[in-house]
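Take a look at the structure set out below.
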Amino acid sequence: MFSRYSDFISGVGVSDERTEKKIEGKLSKIAGRKVFMQMALSRFIMPTFCVVGPTASFYFLSSLNLLPKGAVGKHLSSLIICGIFLELGLTLALGAFP
């Protein structure tokens, strides 16, 4: 999370809207803070979905007796549920800030 800390403190370089060329010597502290917060939030979203989602799913599925009883079924359901939440977490983390 501290890889963008210098951007948070000193700002990031900005470019001209029309020409898309970087303006030399121009730093924006507001843009630097925005970049820092987006990075911090995306690094929070992905692990939260990957840890909380499967745990809650297993709790609710087991309380409703919907989990398979056999070892192979348990492993397959675990793989499927964890895969779904990994996909959701990554998609949300990457797609939150285009």
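Just so you know, all these numbers are worked out from the coordinates, no wet-lab data involved. Quantities reported herein were computed from a predicted structural model and do not represent experimental measurements. A quick note on method: Cβ atoms are made from the backbone with ideal geometry, for glycine too, and the neighbour counts reach across all protein chains shown.
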Which residue fluctuates most in the GNM of the chain (Cα springs below 10 Å): Ile23, Ile80, Ile45? Ile23
Evaluate E = 1/(1 + (r/R0)^6) for Leu27 and Phe97, where r is the Cβ-Cβ distance and R0 equals 22 Å; express this FRET efficiency to the nearest 0.05. 0.65
Apply the Karplus curve 6.51 cos²θ - 1.76 cosθ + 1.60, θ = phi - 60°, to the phi angles in the stretch 19-25 and return the couplings in whole Hz, x for Gly and Pro. 9, 6, 8, 5, 8, 5, x
Whole-Hz couplings from phi, Karplus 6.51/-1.76/1.60, listed for the stretch 58-71; x for Gly and Pro: 5, 5, 5, 5, 6, 5, 8, 6, 9, 7, x, 8, x, 5
Pick from Gly73, Gly25, Gly11 the residue whose mean-square fluctuation is largest in a GNM of the chain, springs joining Cα atoms under 10 Å. Gly25
In units of 2.2 N^0.38 Å, what is the alpha-carbon radius of gyration of the chain? 1.65
Taking 1 over the mean of 1/r across every pair of different Cα atoms in the stretch 24-68, what Kirkwood radius in Å do you get? 13.5 Å
Top positive-direction residue, dipole computed over the stretch 2-95 with Cβ charges, set Ile80, Thr91, Gln38: Gln38
